[in-house]
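Below is one structure, written out as structure tokens; comments come after it.
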Amino acid sequence: AAVVVTVNPLPIVSGLASSSVICQGGLTTLTGAGAVTYTWTGGATNAVAFSPANTATYNLTGTSGAGCTSTNVAAVVVTVNPLPVVTTSVTNSVICFGNTITLNGGGASTYTWSGGVTNGVAFAPASSGSYTVTGTAALTGCTNTAVRSITVNPLPVVTAAITNSVVCFGTTVSVNGGGANTYTWTGGVNNGVSFTPSTNASYSVTGTNSLTGCTSTNVAVASVTVNAIPIITGTASNSVICNGSTVALNGAGAATYTWTGGVSNGVAFSPSATASYSLIGTSTAGCTSTNVAVTSVTVNALPIVTTSITNAVICIGGTTALNAGGANTYTWTGSVTNGTAFSPTVTSSYSVTGTNSLTGCTSTNVAVASITVNALPILQVTVTKTVICKGDSTVLKANGANTFNWTGGVINNISFA
């Protein structure tokens, strides 16, 4: 009898890993060759990717189609490198808009940040957000990530206001900020506190939000225009006048003027007594002078002229003299010279103008002197005998008057020898 025994060879099995060195969390695939079916130690499934937790050796058992098995004849080592423990740090995790920060990674060799950030280089984030860093270990090439959150607080929207943007010199104003909690002004002024600007100026305000500490610097401006106070002067057309004369007061250095005493600027008036007049001027900007100008007008009294006459009643051909008092010089109507005798021919009244030589004031025709000029009687004379003998008598008789005086001791209408 013949017996045939067939001896099938064992499969020559080999295995390999798609990645024999991986980082923790990475995938690799174990693949066997030289058999039909494969069994790997360590729970790996042939040709199926998996993520080994640690470095390990995987043995392969392969079975041929004839059922022959090569047990643990191939071993594949998969090295699992740990991930770097990546950390982050930031110069300031809470900032105000416009400020810069620097993000730094740690625990690896090189770092790549999201958002276009460069590790260790300052930048100014526009808003709050999170930045992811990927750190790579130079030795293994393994990477890991970490996240850093940044809070960007907005700057306060600061406004500036002033109680009055156009003022007159010497007027107080105050500046007031809005939109923040505390305010710092340029020019040495304090928020909400009255001050007196001396010139046109602009004041910038810095406002700070007390909750976030964020500050808007010099972003709001309050301006003030300071109009000058007019420097006024006052003049009189004549500072010394006689009672009854007119004078005009004129202001200069402003646009409009107000005088005391009811006087209108530039309008003539007749003051009755010596007085001082105060002037206030207002500019076109509405600013009123504080340097009150004073103009004095001296009103000299008119002389009180009196008259006297040496003889107020005269006969025609007689003389009289007119005399005035109360002044220094006198002018009479009728061409009469003061204190000089003259012989008026008719009854007349004479007016006198007296002038005070010290003040120049004149009283015109304020005193009147009247002179009565009586006509001479028209005499009619008769004689009883114009021719007589010695020892005889005759009578001289005159008519046409009231009393008569004859020469030679003759008595009117009385016989005499």
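What to note about this one:
- With both residues required to sit in the range 1-119, DSSP beta bridges show an antiparallel share near 85%.
- Trypsin sites (Lys or Arg not before Pro) lying in DSSP loop within the range 316-407, provided at most 14 other Cβ fall within 10 Å: Lys385, Lys390
- Accessible area of Val21 (1.4 Å probe, protein heavy atoms only, ligands and nucleic acids ignored): about 90 Å².
- By the Kirkwood approach, averaging reciprocal distances over each pair of separate Cα atoms, the range 1-117 gets a hydrodynamic radius of 18.2 Å.
- With the simple spin-label model, which puts each label point 7 Å out from Cα in the Cβ direction, the Val147 to Ala341 separation comes to 14.1 nm.
- Inter-centroid distance (Cα atoms) of the range 292-371 relative to the range 379-417, Å: 48
- Heavy-atom accessible surface of the range 1-56: percent carbon and sulfur, 1.4 Å: 61
- The mean accessible area for residues of the range 205-253, using a 1.4 Å probe and ignoring ligands and nucleic acids, is 46 Å² per residue.
- Proximity of backbone amide H atoms, modeled 1.01 Å from N, is registered between Ser128 and Val152 at under 5 Å, excluding neighbours fewer than 5 places apart on the same chain.
- Per the chain, cysteines lacking a partner by the 4.7 Å Cβ criterion: Cys68, Cys315, Cys389
- Considering only Gly192, Gly213, Gly141, the mean-square fluctuation computed in a Gaussian network model of the chain, springs between alpha carbons under 10 angstrom, is largest for Gly141.
- With a 1.4 Å probe rolled over the protein heavy atoms of all chains, the accessible area of Tyr277, Tyr111 falls in the order Tyr111, Tyr277, largest first.
- Of all the options Leu379, Leu16, Leu322, the one that moves most in a Gaussian network model of the chain with Cα springs shorter than 10 angstrom is Leu379.
- Val48 sits with roughly 70 Å² accessible to a 1.4 Å probe, with DNA, RNA and ligands left out of the calculation.
- Based on the Kirkwood approach, the hydrodynamic radius assigned to the range 377-417 is 10.8 Å, with every pair of different Cα atoms included.
- Just checking the listed ones, Asn374, Asn402, Asn54: in the Gaussian network model of the chain with Cα springs under 10 Å, the one fluctuating most is Asn402.
- Whole-number accessible area per residue in Å² for the range 12-161, which is evaluated in the context of all protein chains at 1.4 Å: 50
- Calculated percent of Cα pairs over 26 Å apart (choose from [x] 58; [y] 69; [z] 81), label: [z]
- Cα gyration tensor category, rounded, prolate or oblate, for the range 284-414 with a/c compared to 1.5: prolate
- Under the shape rule built on the C-alpha gyration tensor, where the axes satisfy a ≥ b ≥ c, the range 1-51 is prolate, since a/c reaches at least 1.5 and a/b is greater than b/c.
The values are calculated or read from the model by the stated rules, or taken from the named source; none is laboratory data. Here the structure is a predicted model, which means the values were calculated and not measured. Virtual Cβ from ideal backbone geometry, glycine too; neighbours counted across all protein chains shown. These area figures cover heavy atoms from the full protein model, side chains too; ligands, DNA and RNA do not enter into them. Shrake-Rupley method; radii C 1.70, N 1.55, O 1.52, S 1.80 Å.
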